[in-house]
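Have a look at the structure below, then the notes.
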Amino acid sequence: MKKTLVALAVLGSFAGVASAATSVTLYGTVDAGYEGWTFGKDASGWDNTFVQGGTSEKNSKIGVRGQEDLGNGLAAIFTLEGNLGADVGETNAGQLFNRETTVGLKGSFGEVKIGRAKSQMELALGGIVPGHRVADVDLYSVALARHSNGLFYSYDNAGFSFGADVTTKGGAAGNSQSTFVDTVTGSSTGNGIMATFGAEGATGEKVGYGVRLGYAGQVGGGVTLLARAAYQNDGNVTATPYALGVPGASVVRKQREAGGLLAAVIPFSNNSLTVGVAYAQGKGFASDLADAKLAAGRVYADKARTLSAVVAGGFGSNDSAYVKYQQRKGTTAGATVYNGNVWAVGYEHNLSKRTSVYADVAYATIKNTGGDYNKATATGYSVGVAHSF
């Protein structure tokens, strides 16, 4: 009799676990449109283009996330999220869920998860400055936007936020040795390898890590203030000398970057105005303007700084517009190797809470002293429609 009661009690406990509240959500964005490029001075080698849209941080994605209530304020969580090329229906080459693949726990202590997710620089600076497609240029130039093989922690309370992560040795970029190859490296060297991240766990490799702090809240008069700062180190990267304009053998550097963002949302009548400035400075293996079409000849540097400024306004509940400026300057051994500037304007109209149409125009000037295109200009435009679910 006692054995039967024990067995029933055990079965009952399992039934309680099995019936715990669980939620799973399918979500994503489908963003399709057209973009065109015209290249001017010192970029005659580039063909003018008109194509259907590609992907970026703001464009198409698909994901699944879920949460299971474990009781006592504790919950299990997971996220699987990947890029989606709406123009051809493809996912990221070799990675089904390249944006995030994590599982973890959350409670009053915050959130802890393991896997691949946004790095601390991306969490601090990414997704703030508006702009689609031709106007979507990243706010930093050295640090990775995602960390693989990582342990992530985040905590939010009363408007303050804190986050940190650490990866295995050599694991920030992936499991195996990752080589970044560029097809335009400069007139004196031809094509070749730009940089190499090491293999996870290999002798001599270093861990990647990052930390961030932030605050978002009302500061009086209906003004919302957003302030964030982050520091990130991705570990070792081996860069070829010609890519950095440094003669001699390849060199190993720590790829690291620090940055911050300050923005204010100012209400007026039924509208709002957002004014923001972001700044980042990195060392190790710094690229020029991120969009390959804006960077008419890819050049890398020892150090780089990026400055971004934006003014965005909401006009009623359905319309918004922005003007932004970005400048990126890279140096090697104290000498400037590239200096790029981007001006962009854009407009977005919400057809509903989930669907919008938009248009963007961007103009860029690029001075790459180490590349084929020393003084290039580019003009781009894009139009599209986006739906979130």
Quick check on Gly316: is it buried (at least 21 other Cβ atoms within 10 Å of the Cβ) and either β-branched (Val, Ile, Thr) or at pLDDT below 95 (or both)? no
Give the residues of the range 145-189 that are buried (at least 22 other Cβ atoms within 10 Å of the Cβ), in a loop (DSSP other than H, G, I, E, B) and at pLDDT 80 or above, sorted by residue number. Gly170, Gly171, Ala172, Ala173
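Let's see how each residue does on (1) part of a strand (DSSP E or B); (2) surrounded by fewer than 20 Cβ atoms within 10 Å (Cβ to Cβ); (3) among the polar types (S, T, N, Q):
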position: Ile77; (1), (2), (3): yes, yes, no
position: Gly82; (1), (2), (3): yes, yes, no
position: Asp87; (1), (2), (3): no, yes, no
position: Asn98; (1), (2), (3): no, yes, yes
position: Gly104; (1), (2), (3): yes, yes, no
position: Met121; (1), (2), (3): no, no, no
position: Gly131; (1), (2), (3): no, no, no
position: Val142; (1), (2), (3): no, no, no
Is there any pair with a first residue in the range 299-316 that is of a type in the set (Asp, Glu) and a second that is buried (at least 22 other Cβ atoms within 10 Å of the Cβ) and not in a strand (DSSP E or B) whose Cβ atoms are under 8 Å apart and which are 6 or more apart or on different chains, and what are they? Asp302/Leu244
When (1) crowded, with 16+ Cβ neighbours inside 10 Å; (2) within 16 Å of Asp31 (Cα to Cα); (3) not hydrophobic (A, V, I, L, M, F, W, C) are applied to Thr331, the one that fails is (2)
Let me spell it out: the conditions are (1) at pLDDT below 85; (2) farther than 23 Å from Gly260 by Cα, and Ser352 meets all of them except one. Which number is the exception? (1)
Do we have Val361 as among the β-branched types (Val, Ile, Thr) and free of Cβ contacts under 8 Å to residues at least 24 places away in the same chain here? no
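The values are calculated or read from the model by the stated rules, or taken from the named source; none is laboratory data. Everything numeric here is computed off the predicted structure, so don't read it as measured data. Using ideal geometry, Cβ is built from the backbone for each residue, glycine included, and neighbour counts are taken over all protein chains shown.
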